[in-house]
1. Please arrange 529, 664, 388 by how many other C-beta atoms lie within 10 Å of their C-beta, fewest to most.
2. Would you mind computing, in nm to one decimal, how far apart the modelled labels at residue 862 and residue 544 are, each placed 7 Å from Cα along Cα→Cβ?
3. To the nearest 500 deg cm²/dmol, what mean residue ellipticity at 222 nm is calculated for the chain from DSSP H runs of n ≥ 4 alone, each contributing -39,500 (n - 2.57), summed and divided by the residues?
4. With angles folded into 0 to 90 degrees, how steeply does helix 2-21 sit against the dominant principal axis of the chain? Use alpha carbons for both and round to 10.
5. Quote the relative contact order of the chain in percent (integer), defining contacts as alpha-carbon pairs under 8 Å separated by 6+ residues.
6. Note the full-extension length gain between residue 74 and residue 436 as 0.36 nm times their separation in residues minus their Cα-Cα distance, in nm to one decimal.
7. Starting from the Cα of residue 330, step 7 Å along the direction of its Cβ; do the same at residue 120; then give the gap between the two resulting points in nm.
8. If you rank 652, 330, 401, 685 by fewest surrounding Cβ atoms within 10 Å, what's the result?
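No lab work stands behind these numbers, since they all come straight from the coordinates. Just so you know, these numbers come straight off a predicted model, no measurement behind them. Don't worry about glycine lacking a Cβ; one is built from the backbone with ideal geometry, like all the others, and counts go over all protein chains shown.
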């Protein structure tokens, strides 16, 4: 299937080139515009600002003195626009006479006006917020790093965007997180968003696939390979209404990240040193046991449960091994960084290096990471600019045994004994015995992209990008023989050494034509093609009965080896059209067509349409002018996106097996998967609508959004008859999931004085998730910790907790509940959802003079439940 995809890609690229070549050359131009851009507060020049001529593709950058110039312009009326991250976009009209140079200066305000914030779209275009029908969240990463302690990528996005939820998998150093945007949409596939860095997609597999050795529930996240110190801005596209042009896989939203770029001027050096400590402050519970008068241990219950020889409790013992023989230490965090940025008017650069070392609360928890980055951008002429961004990460993580794990330090303490003389109160292994287990993950990761913007004529621009994200992962785990006395296997010793490589390739070409159809109407049309390939390969090797003194697979007596390969390819074509009237009414239509290698062979392309509208109502002549209401924008958007099946879900395939005849084993095969030739991607449609308002001399900014999205063709595993002789299940497009919700954002300048400012930001959100349809003949899907704690059931949120209810009454009045005083229900009932249903964030920043700044943030999430499997074991 890859060869036809490549042929289609080449054909589409050729069509774009032919379209460009068919356009006639422009006429001679005879005027010029020159000017200077300065900062309103400092009156200093602003280098590196982008100046463009509206209605055309002509643009240039200001030099180190803030100056710019356009030559060869036809005499007439023009409107120039100046953009730079951190400033409000400014626009002014200008008249160019025959043979004249018009002078036009700009003063930029650092207090960004939300309607003029810049968003990079899926096609590579930069659009102002006023032109969008949706409301993406913008995160100024550099500002966040100054306000709060940021240790990894998820710290930058956590509590920064309404509707985005970060769920940590563990508190262990190096462990990862799950990210959810506007709820969950799939029963069987990942609900993680797409991650884009400098225009290319990067790996963001679900955390369960990010480690090849088991250490309980602790799993790393590839998101945190990106060093937060290198990030300039983050944009969150929250659903299909915004992300449809990103194609298949973007149903859960897109987190688009741009790393830092230099600005014209002398080299600017920045260095930092960061340090901190980590302490466990959890109030761990003690273990309890009862004894009779003879010193025999009794169950913690009434005597009626112990038959036929009851144990009469005479004494209650308690002991806490996690306090008395604490396995915790004081962790230490260190980070060092150095960067250099600068450049000339034509070429800018950003170079950086970072070293991070973090020792966790456990002796066997340690992280070392080195990150390097080099970004270069050059404008070879007013028609062509090039940019290259490269990043490299090398890390070594050691994880302790913990969580749902008989080898875990915490489970051993929490499921231990109240007798301190028995194994120091630990139930399985002593902490010092688990320290011999060496579980590590090594990462070598390279991310690189190259972009080119070519403007052959004033109305046409070409944007091309290509890049790759390569992750080499080495998961290893060693049990030295004779040192871990959990069972005979751990005493025998073992070794695991699993090597994985993930390759993500992105290539995209877009042509954009901009026209001024009349003095009041602008048009922007684009067409393009995108190719994406994801490939995972792995070699999984292990062995038992390790020879003493070795940590190599060469020293095992019983070896085992396996391989893993998965791959999918997506080829998409898209067209967009945006029409703007008097820079205050905008309507956008788009369509993307995708073909994916994971689709069933009987299913062809899938279409993802989008339509959006934006109306800056406050700029209409009829809108009343007042200091109370400064601007009002209404917006609405509809879009569709999808989620592809797994790479082999649609394919019938066989697996090798060893078949034994009377004398010897011979190779054979077995039918492993029946496949599904009609398998389609999951499809999600979303409608969102809302408004933005600036109030009281722009001191208050309010955003409100309501959305509803419905996911159809959700993949559900149907049980197959054993008589088929194949796998017990296959995926079919049966389910339907819905999410509805609201989001609110309020920014307020409470105090605005010459030397004192106080800003408040309040965000709130709510989401209702439902499984509307599970499919004909499909019983509720039961899973979860404890074997049956969660289920997918029609009419309830995905993964809801269900338990059999109980009632009790101490009818005897003795203060002890017997089994006869507890009544169990007959049917499990709904207890709650694992994902929060609503949340709120309040942040405050106060500045006193130029050097004192105080910042604080409160974040809360409610409406969810978590199953405490540890307490189930303790009470069992």
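1. Numbers: 529 21, 664 8, 388 17.
Fewest-to-most ranking of 529, 664, 388: 664, 388, 529.
2. 5.2 nm
3. Working: 9 runs with 62 residues, N = 876.
After summing the helix terms and dividing by residue count, I get -2000 deg cm²/dmol.
4. That helix lies at roughly 20 degrees to the long axis.
5. Numbers: 2402 pairs, mean separation 80.8, N = 876.
Reported as a whole number, the value is 9 percent.
6. In short, 122.6 nm is gained.
7. 4.3 nm
8. Working: 652 15, 330 10, 401 27, 685 20.
Result, fewest neighbours first: 330, 652, 685, 401.
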